[in-house]
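Everything below concerns the one structure shown next.
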Amino acid sequence: MSKQYLTLHTLDNAHPSDIYSIASTKTQLLSASGSSSILIHSTTESDFSLVQTLAGAHKLGIHHLVTSKEGNRAASAGFEGALKIWSVGEDGMWKEDGEISDGKKPGDAWAIALSANGEYLASSSISGCTNVWSLNVAEGMPKIKDYETKGSFGLAVALSPDGGYTASGHENGSVYIFNNDTGRLSHSVAGLVQPIRTVAFSPGSKLLAAAGDARVIALYDVKSGEQVANLTGHGGWILSLDWSDTGEYLLSGSHDSKAKVWRVETRTCVATHSHGDKPVWSAKWLPRVGARSEMFALAGGNNNISFYREAAG
C-alpha cells in the first residue's frame, strides 16, 4: 500500500550553496551547507520562519550536522577539520559549548553522530578510525574510545539509540558494528562492495541500515550481524537514511534527486518524491509531536529545504 505526502512548504534558497545536512528537534530544524553559518528554523510555525543564525560556525563550510534525540544538543563538522558542540537553552536559542580539535586536519574527522541523550559524540575519519568523545564540558570533553578498522576512509557513523553500539561505513564498502560496553568489534558485516555513505540504527537498536554508491539499502540484524534485507529502487548513490520514530518506515535521500519512504516490514517503497534536479544530500523525519501529521524534510544541491506531511484520510 502506498502513502501520500503533500508538499507543505519550501524555503527557497535557504542557503547560498549546497545544503549538506539537516537535523531536527521537536520544534526546530537546523541546517548546514558549504557556507559558514548554521540556520535554525521553527517547525511549529506554518512558514517555518528563521529563528536563529549561528553565523561563522565553520569558516570553510559545514559537511555534517546532527542533533541528539532528546533535542538538547547539536554537533557540527566543518571542512576546516573542527568539531563543534552546541546546546539549546530554555528560550530555544543555541550556543556553542566548545570545540573538539584533537589536533585534527581537514578530513581527519568526517561523519558525526550524537547519543540520544547528547552526552557522547562519535566521528569517523579519513584514516578509518572511529572515535567517541564524552561531551562533559567540565572534564574537557575527552576522547573515551578509539575503534580501529582496516584503514579505509570512514564516510558514515551512527550511535545506537540504546547506547550499546557504534557503527561505521567505509569507502571500501565495509560496515563495522562495535560494542560500546566491551569496546570490541561485534561484527564486520558483509558490505555492499562500493562506498558506504550513510548508516542508521533503528529506534529499537535491533536493525542497522547501510547504503551508498551501490544504490542498495542493506538491513542488518545488529546482534547477529546477518544481512536480513536489501531495498532497491534508487537510481543514484544513496546519501542519507533516517528511521521514523516508530521504526515502521525508513526515509532515504539520493544523488538521483529523489527521496523514498520504505515500509520496513514489507521491504517495499511506499512513496517517492523528487527534490528538483540536484542531489538530496539530507533527508530527515521531523519528530512526532502531539497530533501533528507525519512529516519529513529534504535538502540538497538546489539550496532549498522542502517540508512534506502525510496526507490525511
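For the stretch 242-279, run through the trypsin sites (Lys or Arg not before Pro) and keep only the ones in DSSP coil with at most 16 other Cβ atoms within 10 Å of their Cβ.
Arg267
Summarise the long-distance tail of P(r) for the stretch 202-313 by giving the % of C-alpha pairs beyond 23 Å.
On the way: 1596 of 6216 pairs.
Above the 23 Å cut-off, the stretch 202-313 has 26 percent of its Cα pairs.
Report the rotationally averaged projected area of the chain based on its alpha-carbon convex hull, in square nanometres.
Mean projected area of the Cα convex hull: 14.5 nm².
Just to make sure I understand: if all protein chains stay in place, what is the order of Val228, Val66 by accessible area at 1.4 Å, largest first?
Working: Val228 60, Val66 25 Å².
Listed by decreasing accessible area, they come as Val228, Val66.
Tell me whether the stretch 129-206 comes out rounded, prolate or oblate; compute the Cα gyration tensor, take square roots of the eigenvalues as a ≥ b ≥ c, and use a/c under 1.5 as the rounded threshold.
Note, shape of the stretch 129-206 comes out prolate.
Trypsin sites (Lys or Arg not before Pro), restricted to the stretch 92-174: which are DSSP loop and have at most 16 other Cβ atoms within 10 Å? It would help to have the intermediate numbers written out before the result.
On the way: sites: Lys95, Lys104, Lys143, Lys145, Lys150; in loops: Lys104, Lys150.
Taking the stretch 92-174 and a limit of 16 other Cβ atoms within 10 Å, the loop trypsin sites (Lys or Arg not before Pro) found are Lys150.
Taking loop as defined by DSSP and a crowding limit of 16 other beta carbons within 10 Å, which trypsin sites (Lys or Arg not before Pro) in the stretch 155-236 fit?
Here the trypsin sites (Lys or Arg not before Pro) that fit, given the DSSP loop and packing criteria, are Lys206, Lys223.
Using the Cα centre of the stretch 5-310 as origin and beta-carbon charges of +1 (Lys, Arg) and -1 (Asp, Glu), tell me which of Ile238, Ser115, Asn302 is placed farthest towards the positive end of the dipole.
Toward the positive end, the furthest listed residue is Ile238.
Accessible area per residue of the stretch 70-213 at 1.4 Å probe, in Å²?
Numbers: 5710 Å² over 144 residues.
On a per-residue basis, the stretch 70-213 sits at 40 Å².
Once you place label points 7 Å from the Cα toward the Cβ at Thr266 and Ala190, how far apart are they in nm?
2.6 nm
Per the 1.4 Å probe, what fraction of the accessible area of the chain, in percent, lies on carbon and sulfur atoms?
47 percent
If exposed means no more than 12 neighbouring beta carbons inside 10 Å and the site is in a DSSP loop, what's the longest run of the chain without any exposed GluC sites (Glu not before Pro)? Could the numbers behind the result be given before it?
Values: sites that count: Glu45, Glu90, Glu148, Glu226, Glu265.
Answer from the scan: 149-225.
On a full-extension model of 0.36 nm per residue, what is the gain between Asp91 and Asp12, subtracting their alpha-carbon distance, rounded to one decimal in nm?
25.8 nm
The values are calculated or read from the model by the stated rules, or taken from the named source; none is laboratory data. The model shown is predicted, which means the values in this text are computed figures rather than measured ones. Note that we place each Cβ from the backbone using ideal geometry, even for glycine, and neighbour counts take in every protein chain shown. When the accessible area is computed, the model is the full protein with side chains, heavy atoms only, and any ligands, DNA or RNA have been set aside. Shrake-Rupley method; radii C 1.70, N 1.55, O 1.52, S 1.80 Å.
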